[in-house]
1. Take B:97, A:581 and sort them by solvent-accessible surface of the protein heavy atoms, 1.4 Å probe, largest at the top.
2. Using a 1.4 Å probe and ignoring any ligands, DNA or RNA, find the accessible area of residue A:440 and quote it in Å² to the nearest 10.
3. Along region A:264-281, what does the Karplus equation 6.51 cos²θ - 1.76 cosθ + 1.60 (θ = phi - 60°) give for ³J(HN,Hα), rounded to whole Hz, x for Gly and Pro?
4. What is the local net charge at residue A:610, summed over the other residues whose Cβ is closer than 12 Å to its Cβ (Lys, Arg +1; Asp, Glu -1)?
5. Roughly how many Å² of residue A:298 are accessible to a 1.4 Å probe, to the nearest 10?
6. If you take the C-alpha gyration tensor of the protein assembly as shown, multiply each eigenvalue by 5 and take the square root, what semi-axes do you get, largest first, in whole Å?
7. Size of region A:105-214 along its principal axes in angstrom, Cα-based, largest extent first?
8. Please find the FRET efficiency linking residue A:382 to residue A:450, where r is the Cβ-Cβ separation and R0 is fixed at 25 Å, and quote it to the nearest 0.05.
Amino acid sequence: MSETRSEQVLRVDAYPTHEVGGYRVRAGKPFPFGANVVPGGVSFSVFSDQATSMTLVIFKRGEPEPMAELEFPEEFRTGSVFAMTVFGLDHENIEYGYRADGPFDPATGHRFDARQVLSDPYARLIAGRDVWGVEPDRSRGYQYRSRVCLQDFDWGDDTPLGIPAEDLVVYETHVRGFTRHPNSQVSAPGTFAGLREKIPYLKELGVNCIELLPVFEFDESDNPRSNPETGEHLFDYWGYNTVSFFAPKAGYAATGRYGMQGDEFRTLIKDLHAAGIEVILDVVFNHTAEGNEQGPTISFKGLDNATYYMLTPEGYYFNFSGTGNTVNCNHPVVRNYVLDCLRHWVADYHIDGFRFDLAAILGRALDGTPLPNPPLLELLAYDPVLRHTKLIAEAWDAGGLYEVGNFPAYGRWAEWNGKYRDTVRSFLKGDPGVTGELATRIAGSPDLYSTRGTAASVNFLTAHDGFTLADLVSYNDKHNEANGENNNDGANDNNSWNCGAEGPTDDPGINALRTRQMKNALAILFTSQGIPMLLAGDEVARTQQGNNNTYCQDNELSWFDWDQVDENAELLRFTREMIAFRKRHRELRSTAHPTGRVRDNLGLPDISWHGERAWQPDWSSESRLLAVARCGTGDDDVVYVAMNAHWESHDLELPALPGGRSWHLFADTGAEAPHDIRSPGAEQELDNAGKYLIGPRSVVILVGRTNDHDDFDTP
Amino acid sequence: MTLNVKERRNKTGTVLVATGEINSETSGSLLQALLPLVREGKPLKIDLTAVTYVSSAGLRTLLVVYREAQHAGVAVTLYGVSEEVRFVMSATGFLDFFETGEAVAAAAKAKAKAAR
């Protein structure tokens with residue numbers, strides 16, 4: 001048996017039929033697109049609707065000038081697809097691209113220019129930005145070089161984890177920023193390999209899903225700005241400017257210089273899965289790095305501008321993304337491209353889900369108007385390969401389309417719930433008139449997702465875009481001067497409060513209040529129904545010094561400072577216990593919105609609202625105190641969360657409990673550590689069963705249970 | 001850059017000593033040298049002390065040998081993996097598949113210590 005395994009099977013299509021430019025070739029297969037290793041050669045396939053001719057340009061790896069230019073014979077074109085197999089290529093040591101010839105007539109949308117060598121939109125590896133931050137040689141005509149690779153990673157028995165959406169605890173992070181800090185103590189800081197070494201930290205924290213800021217190849221050096229104070233060049237650190245949608249970013253890999261970024265990223269994913277952690281990618285299909293009329297020509301612009309971009313009747317770029325161009329997502333060709341791309345990441349990288357940047361654009365028609373039934377969103381929702389992946393929309397765009405609660409979901413799509421963020425932030429800082437909406441938000445936003453369930457709501461208080469949690473309680477205003485835009489960039493409506501001083505302070509009272517406010521935020525987040533998302537570093541009070549838009553800050557403003565793990569051990573412990581608490585209480589993760597009705601034999605409603613007096617919530621505009629009790633859905637416990645955003649303490653009357661249960665204290669953010677929180681299951685029974693004094697600006701969490709409690713629910 | 005391979009047989013198995021680079025150009029000949037040895041069914045050691053570079057294709061070739069050996073029930077051990085090659089193999093996950101000489105030696109030492 002093993003005698004035959006290594007034998008080449010002879011195939012008819014392993015023989016050339018033509019010769020072009022001194023190379024033996026034959027007609028390739030139109031599908032799949034891209035460059036694929038086939039017996040004896042490499043098959044290249046590229047689409048262009050309006051090109052009059054297409055040329056494959058092959059470089060010896062790293063050489064400035066091509067080693068071959070092979071024009072596709074007319075008979076190698078099928079429909080609008082050019083496909084050719086070239087024999088005798090050493091696939092590991094070549095780079096390739098295309099020259100597409102055709103009309104240059106921007107008024108009709110066409111920008112063909114055969115002088116340009118274009119990246120393959122389906123390139124699975126890109127060379128040219130192999131090591132992060134290395135200044136590129138801009139004299140080269142072809143910057144982002146497509147490479148051929150085998151797709152033969154050995155996954156062993158790795159399979160998608162399939163964690164139910166409602167059980168997720170999402171951790172949003174940046175591949176580079178997570179371990180780039182010199183104190184990260186990993187062997188390859190700022191890389192996939194470095195992140196892999198931090199898996200034990202993530203596991204101990206308790207998150208079971210990481211959401212990575214863009215990892216598709218982008219050019220970190222394409223930001224022209226400098227820091228006005230230091231003169232340092234600013235990078236495009238976040239990477240929301242995709243150069244190549246099928247290629248992992250080489251500069252995020254310790255092995256990018258060897259072209260092994262794909263293997264390194266897959267190894268990270270495989271090990272995350274082994275640790276019980278899913279991987280969601282933040283993907284950017286709303287625009288590309290090619291920008292508007294002034295932007296570079298990299299790929300789509302030169303291959304088929306009129307297909308890939310939304311254009312005005314005059315041929316200019318629509319700009320619903322705020323970054324110059326807008327991808328023509330609902331064009332039939334482009335939606336297949338998006339589908340192919342996501343299938344690639346699921347099938348070939350075992351990705352568990354996607355968060356779509358400015359996803360409202362994905363619902364726009366070819367002319368930019370919102371579609372009632374966007375075919376792309378429907379296609380992704382029902383696709384067989386994507387069938388069990390998580391699809392999360394950032395349900396707004398820079399063109400003013402705001403669809404939170406209205407995003408076309410097809411039973412599949414979840415959303416970043418911006419209203420959750422705004423409401424809880426507003427409540428935390430003590431705004432009047434928020435208590436009613438707070439109740440709606442923490443119950444899974446039934447006003448927005450009544451037919452979709454609570455897991456449609458990704459609840460978050462902070463994300464990469466905006467203040468960190470520590471800065472949310474330390475700054476009233478953004479401080480983005482280092483971005484070089486006179487503090488005009490970044491959001492102004494932050495609902496933040498500095499607790500009495502702007503920025504760092506030695507005032508122990510203010511610092512204690514800030515710590516309490518962070519704990520309050522975490523306590524509310526992890527006891528709300530919906531999927532909680534934590535921004536990396538918030539668990540250790542990571543600060544960006546008040547900068548709420550660090551897209552260009554590749555430095556300690558953005559990096560995770562691992563010294564803070566020890567310095568802020570109190571907050572880290574609080575976060576870990578809150579996550580553990582959520583995992584043990586199914587009623588917090590129920591997919592159904594609570595009804596207020598009694599649903600099991602405990603005799604208590606699944607949700608009930610309370611104020612200073614049990615069963616008497618105060619919904620008045622001056623109320624800053626709300627308590628919620630949850631029970632049912634299979635647990636015998638009752639969870640009571642009292643949230644006091646008032647600057648005064650209040651005596652709480654606790655609701656009476658059925659069946660020999662008594663109130664046990666899990667967390668009180670007003671208490672000094674280590675009494676601020678306990679381990680789930682080790683809650684302390686209250687001495688005075690009927691009352692509890694909640695301190696100013698504090699959250700108290702109680703569990704109503706019997707004393708022989710040992711029946712935990714841990715997903 | 002070429003790759004030279006020499007095999008050395010002893011009572012406990014076969015050692016294949018490779019010298020040079022293992023890349024897409026040279027990995028074919030390495031595979032041709034290794035597969036017959038795997039099929040002999042004796043423990044196989046691959047000495048990479050004099051290997052200066054292993055490319056993506058080279059690592060894949062070693063993994064094919066590993067999979068063949070696994071299929072045949074043969075133990076394959078890598079020896080003399082340089083620091084750079086070890087780093088690349090570690091970052092890309094290939095190292096997880098192989099027994100390496102150093103690890104085997106350390107395990108033997110630990111076992112001996114435990115026995116005392």
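The values are calculated or read from the model by the stated rules, or taken from the named source; none is laboratory data. Everything quoted here is computed from the prediction, not taken from an experiment. When we count neighbours, we look across all protein chains shown, and the Cβ atoms used for this are built from the backbone with ideal geometry, even at glycine. The protein model used for the area step is the full one, side chains on, heavy atoms only, and it has no ligands, DNA or RNA in it. Shrake-Rupley method; radii C 1.70, N 1.55, O 1.52, S 1.80 Å.
1. Solvent-accessible surface, decreasing: B:97, A:581.
2. In the full protein context, residue A:440 sits at about 40 Å².
3. In residue order, the calculated couplings are 5, 5, 5, 5, 4, 4, 4, 6, 4, 4, 4, 8, x, 10, 7, 10, 10, 9 Hz.
4. -1
5. Per-residue accessible area (residue A:298): approximately 10 Å².
6. One finds semi-axes of 50, 34, 24 Å for the protein assembly as shown.
7. For region A:105-214, the Cα extents along the three principal axes come out at 56, 36, 32 Å.
8. The value I calculate is 0.65.
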